[in-house]
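Since the structure comes first, as structure tokens, the remarks are kept for the end.
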Amino acid sequence: MAYTLIKNGTLIDGNGGETVEDAAVLLNGTVIEAAGKSSEITVPREQVTEVDAGGGYILPGLIDTHVHLMMEIDSLENQLTTPFSYRFYKAVKHMRRTLEAGVTTVRDAAGTDAGVKQAVEDGLVAGPRMQISVNALTTTGGHGDNWQRSGIDTTLHGYPGNPDGICDGVEEVTKTVREVLRAGADIIKVHATGGVMSPTDHPEFTQFSQEELEVMVQEAHYRRGLKVMAHAQGKEGIQNAVRAGIHSIEHGIYIDDETAQLMVDKGTYLVPTLLAPLSVLEKAEADDTVPAYSAQKAREVFEAHKESVARAYRAGVKIAMGTDAGVMAHGTNLRELGLMCDAGMTSMESIVSTTKTAAECMGWGDELSTVEKGKLADVIITRTNPLTDIHSLESNDNIAAVFKDGKLVKDLLNANVSVEV
Ligand SMILES: [Zn+2]
């Protein structure tokens, strides 16, 4: 067995408790063997590779529960003229940048198919561990339907391994859920309301009936034991999704006190993606990539979104970190932690939201997300203390080393361990 000893760091283990100074973490292959005070770690006699954390901070590999690895915001012209298969090569770059940010696990909220996931699992390309939703279910004219009133339709209506997501009525919804599951989805994604980036709807529009949402939960959850995640921004759509038994609300722009309480009562997670509208606005100011209708909607929802997340936080809704990466550049994920702190969280709470709570949201709480004996060896080393400067995580230069499954996939420490690419 190959042992790696990470030493000379302060441990922030992801559980939200006290930090441990002069800590060490012993990795045994793909699993964490021990973590804690270095004086209390028994180092085995076998060959051990030592990694000096340089007085930095040792954290679990981070988790982003809402990304789109297969996309990154681009001009309409580029979308229309880029060859189809080019998107897979771009995804390789997106996944590499995600790892560079210290994010070792993601939940893909539509676009990434089973081949991409398998390529990472087989070690063909470097990327985060992932759960995929393959494609999102969308109503005709809803968020995800990019049909334009010119008659031009930029929606990708499915390709082998990625079925078309547009469906209306119980029968079509049932069939589409089954097709997405057949294609290898780990989770079902639905657009329960309109959104910011779509041409003909609005975040407050309710999409899919209560009955249609319940059919999705029935097919995915009760028949297959899988979860449903809902892009839900307007109040009515959020409430419908929560009542239908959907596991997580994505974005959640218009959560009032009643809705927050409903989420607490049902144990529904919120994935805020505060970075999404902010980066749409930043991009709209920087160049003309963002369509005018999207910039306008982002401006409309921006303040309401921040208040909504702050309200949910105060009410005690479980919050899992998610960014909507793809709407912004991949690799900028950790800006979200600073925004969550602006909404009222402490730095430690934002870290727990990006580790333990995020893993629990994905159903992987027992396997990963904290630096503890028996968990998967996903560990990062930061140069700065995120508890005193959460914004320092925004610079990937401060993410000094990243281990995924015990393998060093990023190394700015010159740890003298072969970097796995
Ligand atoms: Zn999204």
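The values are calculated or read from the model by the stated rules, or taken from the named source; none is laboratory data. Predicted model, so just to flag it, every value in this text is computed and none were measured. Glycine also receives a Cβ, built like all others from the backbone with ideal geometry; neighbour counts cover every protein chain displayed. Accessible surface areas use protein heavy atoms only, side chains included; no ligands, DNA or RNA. Shrake-Rupley method; radii C 1.70, N 1.55, O 1.52, S 1.80 Å.
If you check D145 against the conditions, is it among the acidic types (D, E), modelled with pLDDT under 95, over 27 Å from I381 (Cα atoms) and touching a Pro at 6+ places or on another chain (Cβ under 9 Å)? Don't jump to the end; show me each part of the working.
On the way: among the acidic types (D, E): yes; modelled with pLDDT under 95: yes; over 27 Å from I381 (Cα atoms): yes; touching a Pro at 6+ places or on another chain (Cβ under 9 Å): yes.
Answer is yes for this residue.
Which one of these does S392 not meet: (1) in a helix (DSSP H, G or I); (2) under 30 Å from M229 (Cα atoms)?
Here S392 meets the rest and fails (2).
Every residue in segment 318-356 that is open to solvent by less than 10 Å² (accessible area, probe 1.4 Å), assigned to a loop (DSSP other than H, G, I, E, B) and farther than 13 Å from I390 by Cα, please.
Listed by number, the residues that qualify are A320, M321, G322, T323, G326, H330, G331, T355.
Quick one: is E360 part of a helix (DSSP H, G or I), of a type outside the set (S, T, Y) and under 24 Å from N396 (Cα atoms)? Don't jump to the end; show me each part of the working.
Values: part of a helix (DSSP H, G or I): yes; of a type outside the set (S, T, Y): yes; under 24 Å from N396 (Cα atoms): no.
Considered against the rule, which asks whether it is part of a helix (DSSP H, G or I), of a type outside the set (S, T, Y) and under 24 Å from N396 (Cα atoms), E360 comes out as no.
Which residues, taken from segment 201-212, are aromatic (F, W, Y) and either open to solvent by 40 Å² or more (accessible area, probe 1.4 Å) or part of a strand (DSSP E or B) (or both)? Outline the logic, then answer.
First pass over segment 201-212, keeping only residues aromatic (F, W, Y): 205, 208.
Within segment 201-212, just F205 meets the criteria.
Here are the criteria: (1) modelled with pLDDT of 95 or more; (2) open to solvent by less than 10 Å² (accessible area, probe 1.4 Å). Tell me which single one S198 does not satisfy.
(1)
Which of the numbered conditions does G344 fail, given that it passes all the others? Conditions: (1) modelled with pLDDT under 95; (2) more than 19 Å from the chain's Cα centre (by Cα).
Evaluating G344 over (1) modelled with pLDDT under 95; (2) more than 19 Å from the chain's Cα centre (by Cα) leaves (1) as the failure.
Name the strands (runs of 3 or more DSSP E) wholly within segment 20-136 that hold at least 1 residues that are at pLDDT 95 or above and open to solvent by 70 Å² or more (accessible area, probe 1.4 Å)?
Values: elements: 20-28, 31-37, 48-52, 57-60, 62-67, 103-108, 129-132.
The qualifying strands (runs of 3 or more DSSP E) are 20-28, 31-37, 48-52.
Residue check: is K235 open to solvent by 40 Å² or more (accessible area, probe 1.4 Å) and more than 21 Å from the chain's Cα centre (by Cα)?
Numbers: open to solvent by 40 Å² or more (accessible area, probe 1.4 Å): yes; more than 21 Å from the chain's Cα centre (by Cα): yes.
Here the answer is yes, as K235 does meet what is asked.
Search segment 74-101 for residues that are under 14 Å from V327 (Cα atoms) and pair each with any residue that is open to solvent by less than 80 Å² (accessible area, probe 1.4 Å) and part of a helix (DSSP H, G or I) when their beta-carbon atoms are under 8 Å apart and the residues are at least 6 apart or on different chains.
Short answer, once both residue conditions are applied: A91/V116.
Determine, yes or no, whether T289 is within 14 Å of the ligand (Cβ to nearest atom) and in contact (Cβ under 8 Å) with a residue 24 or more places away in the chain. Give the steps one after another, and end with the answer.
Numbers: within 14 Å of the ligand (Cβ to nearest atom): no; in contact (Cβ under 8 Å) with a residue 24 or more places away in the chain: yes.
When the stated conditions are applied, T289 does not pass them.
Which members of segment 65-107 meet the condition of being touching a Leu at 6+ places or on another chain (Cβ under 9 Å) and of a type outside the set (G, A, S)? Working first, answer last.
Let us first name the residues in segment 65-107 that are touching a Leu at 6+ places or on another chain (Cβ under 9 Å), namely 84, 91, 94-95, 98, 101-106.
Selection gives F84, H94, M95, T98, V103, T104, T105, V106.
Taking the criterion of being touching a strand residue (DSSP E or B) at 6+ places or on another chain (Cβ under 9 Å), small (G, A, S) and part of a helix (DSSP H, G or I), would at least one residue in segment 182-195 satisfy it? Explain how you work it out, then say what you get.
Initially, segment 182-195 is screened for residues touching a strand residue (DSSP E or B) at 6+ places or on another chain (Cβ under 9 Å), giving 183-195.
So of that shortlist, the ones also small (G, A, S) come out as 183-185, 192, 194-195.
After this cut, where a residue has to be part of a helix (DSSP H, G or I) as well, the list is none.
So far as segment 182-195 goes, no, none of its residues is touching a strand residue (DSSP E or B) at 6+ places or on another chain (Cβ under 9 Å), small (G, A, S) and part of a helix (DSSP H, G or I).
If you scan segment 1-12, which residues turn out to be modelled with pLDDT of 95 or more and open to solvent by 40 Å² or more (accessible area, probe 1.4 Å)?
Once the filter is applied, which keeps residues that are modelled with pLDDT of 95 or more and open to solvent by 40 Å² or more (accessible area, probe 1.4 Å), segment 1-12 yields K7, N8.
Considering only residues that are open to solvent by less than 20 Å² (accessible area, probe 1.4 Å), closer than 19 Å to V228 by Cα, within 16 Å of the ligand (Cβ to nearest atom) and in a loop (DSSP other than H, G, I, E, B), which ones fall in segment 245-285?
I246, G252, I253, P272, T273
Taking only segment 284-335 into account, find how many residues are in contact with a strand residue (DSSP E or B) (Cβ under 6 Å, 6 or more places away or on another chain) and charged (D, E, K, R).
Of the residues in segment 284-335, 2 are in contact with a strand residue (DSSP E or B) (Cβ under 6 Å, 6 or more places away or on another chain) and charged (D, E, K, R).
Considering only residues of segment 213-232 that are touching a Gly at 6+ places or on another chain (Cβ under 7 Å) and in a helix (DSSP H, G or I), which is most open to solvent (accessible area, probe 1.4 Å)?
Going through the qualifying residues, I end up with H221.
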